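The structure appears right after this line, and notes come after that.
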There are 2 protein chains.
Amino acid sequence: MTLGPVVVDAMGGDRAPAAIVEGAARAVREGVPVLLVGDEAIVGPLIPKDVVLPLAHASEVVGMGESPSTAVRRKTDSSIRVAARALAEGKGSSLVSCGNTGAVMAAALVEMGRVQGVIRPAITTVVPRTDGGQLVILDLGANVDCKPVHLGQFAVMGHVLARDLMGIAEPRVAILSNGEEDGKGNEQVRSAIPVLESMPIPFIGQIEPTDAFHGGCEVLVCDGFVGNVMLKSVEATVEIAGKLLKEEILRRPSAKLGAWLLTGAFRRYRKRTASAAIGGAHLLGVNGVVVVGHGRADGEAVASAIRQAHLSASERLAERIGSAVSETLGGDSPE
Amino acid sequence: MTLGPVVVDAMGGDRAPAAIVEGAARAVREGVPVLLVGDEAIVGPLIPKDVVLPLAHASEVVGMGESPSTAVRRKTDSSIRVAARALAEGKGSSLVSCGNTGAVMAAALVEMGRVQGVIRPAITTVVPRTDGGQLVILDLGANVDCKPVHLGQFAVMGHVLARDLMGIAEPRVAILSNGEEDGKGNEQVRSAIPVLESMPIPFIGQIEPTDAFHGGCEVLVCDGFVGNVMLKSVEATVEIAGKLLKEEILRRPSAKLGAWLLTGAFRRYRKRTASAAIGGAHLLGVNGVVVVGHGRADGEAVASAIRQAHLSASERLAERIGSAVSETLGGDSPE
């Protein structure tokens with residue numbers, strides 16, 4: 001069966017619409033079908049003549065300064081709502097937006113709805129661990145204030161992703177904390193632990209970031225505020241660490257030689273470290289594949305998010321998460 | 001005036017007492033006077049014969065698995081309490097411990113008391129920013145659940161440190177968040193903003209980690225849970241980033257050349273990135289200079305924390321923070 005196009009919000013993101021159109025054109029040239037959504041007068045002229053890149057018109061935009069939920073509710077013809085509606089109407093396989101996370105979530109909820117049994121969808125990403133394994137982290141910013149039951153649901157969704165989609169036999173689930181001993185954790189973490197222990201998943205307790213990145217668990221659960229701060233700290237540190245190391249290597253008398261050696265290495269380093277965060281994160285728990293790209297995404301990062309969305313759609317991510325979650329959480333299957 | 005010795009808790013830390021004694025001996029050889037506190041039978045035999053390193057006996061230890069506040073209250077002869085008592089009795093200039101942060105805080109509060117007007121002392125560190133400036137961050141783990149008034153007090157203490165001790169003319173204070181626009185932040189951050197705005201300091205609002213590390217503010221305020229997770233994420237990333245870059249550089253055919261170039265660079269990189277986190281963080285808001293070393297500190301990191309404590313004592317850190325904070329918060333000067 002041929003998959004429908006990836007529906008792409010052309011107006012969302014710091015570098016929209018230029019970088020979005022550029023990324024979409026790249027994906028199309030690689031054979032991934034794309035349907036752009038945005039203001040025809042603005043986006044139309046940016047589309048290269050040599051690619052098939054259809055455009056659905058949307059007359060409004062949700063700005064970064066606006067309250068996402070209010071703006072999305074009011075602006076029924078905003079690019080993100082038109083894009084989410086297109087997906088809900090079966091006009092595409094998946095959705096990509098680099099716009100405000102809150103707006104993407106609100107539009108997905110209004111137009112597509114959530115998986116039965118799920119109270120709060122969560123932004124989810126997968127990052128490489130130092131031991132070669134992979135780490136599923138959620139939530140990364142969709143829910144800044146979470147109750148224990150929300151964290152419990154994140155755990156179930158993350159567990160399904162790791163086990164059923166990534167093929168990890170027995171993914172261990174942990175909650176992000178400032179230590180592992182009893183008595184560590186803030187009030188929120190401590191009150192979530194009994195809920196996590198009651199879930200039908202292998203929950204191993206609290207974990208520090210260091211231990212999680214080194215292989216202590218496969219699924220890391222946190223609220224969206226802490227998760228977002230952690231992700232952004234990691235991103236900033238990757239950049240700073242690269243800069244410091246470069247300085248130190250070039251300090252040697254043989255600096256020119258060093259610079260020559262570093263050119264390719266730094267390109268590959270950026271690629272490896274960027275893939276996870278920049279490639280896009282999935283909004284799990286809604287009825288459809290939704291990838292939230294990085295606000296600062298450039299053309300290549302947009303193309304990467306589109307590829308990811310296409311791949312996840314081909315693997316029927318949303319349906320599989322939906323069935324497994326509904327099963328675990330006791331609701332009926334959404335299908 | 002000659003400063004008294006730095007009082008060092010020989011029993012606190014993952015590598016205690018061996019690494020603590022080693023670090024103390026290093027500091028003494030450099031001319032910094034030290035008074036060790038710990039179990040004579042265990043610590044005594046570890047002290048090198050060629051250094052003057054007096055030891056005060058403490059028969060008990062607060063273990064990592066214990067509830068810090070309960071253990072500290074009960075164990076009046078624990079090394080951390082004996083050390084804090086020695087400082088309170090004027091037998092030393094400052095205190096260093098690499099033990100459980102909560103235990104250090106509890107011991108300092110019981111034996112030394114807090115600065116007048118301060119409700120909650122805060123763990124504070126200074127890290128280098130990418131633009132060459134410095135960033136004061138607090139709290140890093142002493143208070144995992146904070147009310148708005150606590151965050152307001154952290155802001156005042158951090159501001160005093162930056163302005164009066166570090167000599168920054170107009171330090172900008174910001175609160176750590178997941179974005180800068182109105183509507184960002186979790187409930188805690190949003191409710192703290194009016195309190196921070198009411199303080200007599202230049203408060204500039206919410207800030208993301210990336211912008212803070214790049215020079216967006218001089219003082220970064222957060223609760224101890226988020227701050228601790230952020231600090232540990234940064235530490236883990238520094239390590240991972242170094243590993244990845246090394247791999248990429250050594251992937252070239254000229255790998256041997258690369259390895260040769262990297263030897264010194266990586267040593268200097270580790271030194272630069274380690275200094276802030278490993279060198280130790282100050283517990284601000286108690287009546288005395290208290291440096292909390294990293295739990296994993298080795299001999300060099302312990303020596304570095306002792307040097308820092310000695311320097312801060314010589315600059316009268318505690319008195320100056322005390323007067324300025326009491327002034328700002330409206331209490332009387334503690335002196």
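Read-outs throughout are calculated quantities, based only on the coordinates presented, and are distinct from any laboratory measurement. All of these numbers come straight from a predicted model, not from anything done at the bench. When we count neighbours, we look across all protein chains shown, and the Cβ atoms used for this are built from the backbone with ideal geometry, even at glycine.
Looking at chain A, send over the antiparallel percent of its DSSP beta bridges, to the nearest 5. The partial results should precede the final answer.
On the way: 11 of 36 bridges.
Counting only bridges with both partners in chain A, antiparallel ones make up about 30 percent.
For the range A:122-276, take N as its residue count and report Rg(C-alpha) divided by 2.2 N^0.38 Å. Please report the intermediate quantities before stating the final value.
Numbers: Rg = 18.1 Å, N = 155, 2.2 N^0.38 = 15.0 Å.
That ratio works out to 1.21.
With the label 7 angstrom out along Cα to Cβ, how close does A:SER59 come to the same site in each of the other copies, in nm, nearest first?
Label-point separations across copies, in nm and ascending: 8.5.
Report the FRET efficiency, 1/(1 + (r/R0)^6), for A:ALA41 and B:GLU197, where r is their Cβ-Cβ distance and R0 is 41 Å, rounded to 0.05. Intermediate results must be reported in sequence, preceding the final value.
On the way: r = 41 Å, r/R0 = 1.01.
The value I calculate is 0.50.
What are the label-to-label distances in nm, one decimal and shortest first, from B:GLY90 to the same spot in the other copies, with labels 7 Å along Cα to Cβ?
Result, one decimal in nm: 8.7.
Would you pull out the residues with amide H under 5 Å of B:LEU135's amide H, same chain only if 5 or more places away, H placed 1.01 Å from N?
B:VAL127, B:ARG129
By how many nm would the segment from B:THR76 to B:ARG252 grow when fully extended, if each residue of separation counts as 0.36 nm and the alpha-carbon distance is taken off?
Numbers: separation 176, 0.36 × 176 = 63.36 nm, distance 5.92 nm.
Extra length from B:THR76 to B:ARG252 when fully extended: 57.4 nm.
What does the average come to when, for each residue of peptide A:183-192, you count the partner chain Cβ atoms lying within 10 Å of its Cβ? Before the final figure, lay out the partial values.
On the way: counts 8, 6, 3, 10, 3, 3, 2, 2, 0, 0.
Counting Cβ atoms of other protein chains within 10 Å of each residue's Cβ and averaging gives 4.
Can you pull out the trypsin sites (Lys or Arg not before Pro) in the range B:10-69 whose DSSP state is coil and whose Cβ has at most 14 other Cβ atoms within 10 Å? Numbers along the way, then the final one.
Numbers: sites: B:ARG15, B:ARG26, B:ARG29, B:LYS49; in loops: B:ARG15, B:LYS49.
Passing sites in the range B:10-69 are B:LYS49.
Residue by residue through B:209-219, how many Cβ atoms from other chains fall within 10 Å of the Cβ on average? Each step should come with its number before you reach the end.
Details: counts 10, 8, 2, 3, 7, 3, 0, 0, 0, 0, 0.
Counting Cβ atoms of other protein chains within 10 Å of each residue's Cβ and averaging gives 3.
Quick check for me: using +1 on Lys/Arg Cβ and -1 on Asp/Glu Cβ, what's the dipole size of chain B about its Cα centre, in debye to the nearest 20?
Values: 33 positive and 37 negative charges, 223 e Å.
For chain B, the charge dipole is close to 1080 debye.
Tell me which lysines have Cα within less than 28 Å of A:LYS271's Cα, excluding those fewer than 8 residues away on the same chain?
A:LYS232, A:LYS243, A:LYS246, A:LYS256, B:LYS232, B:LYS243, B:LYS246, B:LYS256, B:LYS271
Just to check I understand the Karplus step: with θ = phi - 60° and J = 6.51 cos²θ - 1.76 cosθ + 1.60, what whole-Hz values come out for the range B:155-172, glycine and proline as x?
Computed from phi, the couplings for the range B:155-172 are 4, 5, 5, x, 5, 4, 4, 5, 7, 8, 8, 9, x, 7, 4, 10, x, 8 Hz.
Give the average, rounded to an integer, of partner chain Cβ atoms located within 10 angstrom of each Cβ in A:168-181. Numbers along the way, then the final one.
On the way: counts 0, 0, 0, 0, 0, 0, 0, 0, 4, 5, 12, 9, 1, 7.
Averaged over the peptide's residues, the number is 3.
So which aspartates and glutamates can B:LYS75 reach, going by Cα to Cα under 15 Å and dropping same-chain residues fewer than 8 places off?
Excluding near neighbours in sequence, the set is B:ASP9, B:ASP39, B:GLU60, B:GLU66, B:GLU111.
In chain A, if every C-alpha pair distance is counted and binned at 20 Å from zero, what percent goes to each bin?
Histogramming chain A at 20 Å steps yields 32, 55, 13, 0 percent.
Taking the DSSP beta bridges in the protein assembly as shown as the whole, what percent of them are antiparallel, to the nearest 5? Please list the in-between numbers first.
Values: 22 of 72 bridges.
Approximately 30 percent, going by the DSSP bridge assignments.
At B:VAL149, label 7 Å along Cα→Cβ: distances to the other copies, nm, ascending?
Counterpart label points of B:VAL149 in the remaining copies fall at 3.3 nm.
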